[in-house]
Amino acid sequence: MDHASAPDQTPEPATSAFERLGGEARVRELVDRFYDLMELELRFAHLRSLHPPELDGSRDKLFWFLCGWLGGPGHYEARFGHPRLRARHLPYPIASRERDDWLLCMAQAMHDIGVPEALLDRLLGAFHGTADWMRNRPDA
Ligand code: HEM
C-alpha cells in the first residue's frame with residue numbers, strides 16, 4: 001500500500017438524500033402524493049381542514065422547501081428567504097395529534113411512491129424531528 005498517495009485523493013462528496021430519492025421529479029411526486037392522500041383519505045380530514053381550500057400553493061411551497069431540506073437546490077429560500085418554519089406554523093394549532101397525522105400522511109406517501117425502506121426510515125426520523133419541534137399547542 002502506498003501511504004503517500006492516499007492523503008492527496010479528494011474524498012467523494014457524500015450523496016444527499018435529494019439525490020438518493022431521485023432529484024426534483026421524485027420530490028414533486030412525493031409532495032403530490034402527500035397532498036393527494038390528504039384530500040382523499042378520511043383519516044387525514046382533520047389535517048386537511050387546517051389547510052386552505054386550494055392546495056396548489058401548499059404543494060409548490062412544500063416542494064420548494066423539501067428540495068433544499070433534503071440537500072438539493074434552495075428554491076424556497078430563493079423565493080421567501082429563511083424558512084422560519086416554526087413561526088410560519090404558529091397560526092395552525094399543532095399538538096401531538098396533528099404532528100402524528102402529518103407524519104403518517106408523509107410515511108404513506110413515501111411508501112406509495114416506492115421510496116426504498118432504508119431511505120424511508122431515515123427520512124421519517126428526520127421528519128419526526130422537524131414535526132415534533134413544530135408543536136405549538138398542549139395536547140388536549
Ligand atoms: C406537524 C404537523 C404539520 C402541520 C399540521 C402543518 C400544517 C401546515 C399548514 C396548514 C400550512 C399552510 C399551507 C398553506 O399556506 O398553503 C403549512 C405550510 C407549510 N408547511 Fe407545514 N405542517 C406540519 C408540518 C410540517 C413539516 C414537518 C414540514 C417540513 C418538513 C412542513 C413544511 C411546510 C412548508 C414549507 C409550508 C409553507 C410555508 C409558507 O411559506 O407559508 N410542515 N403547514
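Within the shell defined by Cβ-Cβ distances under 10 Å, the residues around His46 carry a net charge of +1, with Lys and Arg each +1 and Asp and Glu each -1. Residues considered: Leu62, Leu42, Leu104. Largest GNM mean-square fluctuation over the chain, using C-alpha springs under 10 Å, is found at Leu42. Label zone (Ser58, point 7 Å along Cα-to-C-beta; backbone nitrogen cut-off 14 Å) within region 96-131: 98-99, 101-106. In this rough spin-label picture, where each label sits 7 Å from Cα along the Cβ direction, the Leu119-Thr15 distance is 0.8 nm.
For region 63-98, trypsin sites (Lys or Arg not before Pro) are listed when DSSP marks them as loop and at most 14 other Cβ atoms sit within 10 Å of their Cβ; the list is Arg84.
Over the chain, DSSP H runs of length four or greater, each weighted -39,500 (n - 2.57), average out per residue to a 222 nm ellipticity of -18500 deg cm²/dmol.
Net charge of the neighbourhood of Asp32, taken over other residues with C-beta under 12 Å away and scored Lys/Arg +1, Asp/Glu -1, is -2.
Rg and Dmax over the alpha-carbon atoms of region 45-140 stand at 13.7, 39 Å. Computed over Cα pairs, the Kirkwood radius of region 1-98 leads via Stokes-Einstein (1.306 mPa s, 10 °C) to a diffusion coefficient of 99 µm² per second.
Coordinate-derived values only; no laboratory data. Just so we're clear, the structure is a prediction, and the values are computed from it rather than from any experiment. Positions of Cβ are backbone-derived with ideal geometry, glycine not excepted, and every protein chain shown enters the neighbour counts.
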